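In what follows, a single structure is set out as structure tokens and then discussed.
The values are calculated or read from the model by the stated rules, or taken from the named source; none is laboratory data. Keep in mind that what you see is a predicted model, and the values were worked out from it rather than measured. Cβ: placed from backbone, ideal geometry, glycine included. Neighbour counts: every protein chain shown. Ligands, DNA and RNA are stripped out before the accessible areas are found, and what is left, the full protein with its side chains, is counted by its heavy atoms. Shrake-Rupley method; radii C 1.70, N 1.55, O 1.52, S 1.80 Å.
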Amino acid sequence: MRRAAAANGEPKSIVLVGIDGSRGSERAFRVGLKIAQKRSLTLRLVGIFPRPVMMDSSYVALMNQYLDTAVNEILAMLKGYAAQAEESGVPVTTRAFVGEPGGALVEESKSARVAVVGKRGRNRFAGRFLGSVSAHLAAHSHCPTLVVPEERGIDSSTEPRAPEQELAHGDDAADEPLSLIEESKPRAHQRRLFANVSDPLNFDSEVVVGLDVGTEADEMLQVAGQAAQLVDRPLALVSASPLNAAGHWGPNPVEHNIEIPNLRRPYIEHLQGAADHLSGQFPDLTVRWQFFDGTPAGVLSEASRTAELIIIGTRGHGGFPGLLLGSVSQAVLNRAVCPVLVVPTAKS
């Protein structure tokens with residue numbers, strides 16, 4: 001991804017992958033290996049077993065045996081993945097830890113260019129969900145973090161249907177109204193059409209970047225351009241704001257209609273400026289933008305049903321509020337069905 005500089009000033013050259021033996025981490029390994037291959041980087045595989053808390057001292061001997069078994073299993077698992085990487089011609093190192101998985105991966109991220117982790121998965125020993133680990137890493141990582149969900153195919157039994165968002169039981173977030181307000185230009189690339197996706201929210205084969213007017217975007221745009229080059233896909237820049245949320249407007253529709261252009265102007269200017277910046281930095285990339293009436297989390301989560309990749313920042317306010325891993329970033333990570341790249345950003 002980005003050519004981040006290490007402490008000695010040299011570009012970082014490590015793709016960090018968290019491994020726990022789940023299907024999610026299996027896919028994370030494949031994605032991390034592909035990034036390392038295409039960018040000529042070193043793969044670092046990290047397996048971490050969280051130490052259970054035992055209150056009864058009589059279990060100490062049994063626990064030591066348990067930990068030895070766990071560590072040996074992790075080492076064997078890492079050895080198998082490392083062999084696959086070496087067969088692909090990618091240099092690889094492995095590390096095994098007993099400790100807090102999220103904190104250990106954050107520490108490892110200091111020397112990485114990008115970290116890759118599965119979205120969910122149950123640790124075979126401790127029963128720990130990788131979801132909490134991926135969220136912690138995305139919030140505190142020192143480098144961009146790619147969160148990879150389990151692979152979900154397109155249902156084409158009759159006509160193509162995109163996968164649904166991953167919503168909690170009873171969550172009606174997918175039913176929120178989302179409407180396109182303005183866009184720079186129509187799509188120039190060929191894309192599939194889906195029976196259950198509206199045309200403005202069909203981002204098939206695109207890399208989608210969520211932009212906020214209150215966040216410094218240069219770093220994220222650089223990462224987005226490199227990511228789009230890596231997967232050879234066009235870029236779609238997206239902003240959203242609930243312009244007509246229930247209860248926020250008085251009964252006078254004239255006043256409402258007059259105010260909407262003023263509300264959307266900073267988003268449009270920011271999107272156009274970002275598109276111009278990317279076109280200058282990456283002249284071979286196709287870049288377009290869209291602005292929606294709706295919540296940022298709703299638009300980006302819906303986009304994840306068809307997009308190749310979603311890119312979001314960890315900080316922001318206005319359209320993308322939050323501290324560290326904010327409410328929008330957290331919602332998108334929870335609901336997305338495509339990989340999500342989380343880039344550390346700062347308020348402007």
Notebook entry, point to check: Computed on alpha carbon atoms, what radius of gyration and Dmax characterise the stretch 201-241, expressed in Å?
Noted result: 10.6, 30
Item checked: Exposure ranking of Asp204, Asp199 by accessible area [1.4 Å probe, largest first] -> Asp199, Asp204
Next item on the list: Calculate, for Val231 and Glu150, the FRET efficiency according to 1/(1 + (r/R0)^6) with r their C-beta to C-beta distance and R0 22 Å; round to the nearest 0.05.
Entry: 0.70
Next item on the list: Return the aspartates and glutamates within reach of Lys34: Cα separation strictly under 17 angstrom, same-chain partners fewer than 8 residues apart disregarded; answer none if there are no such residues.
Entry: Glu26, Glu86, Glu87, Glu150, Glu151, Asp232, Glu308
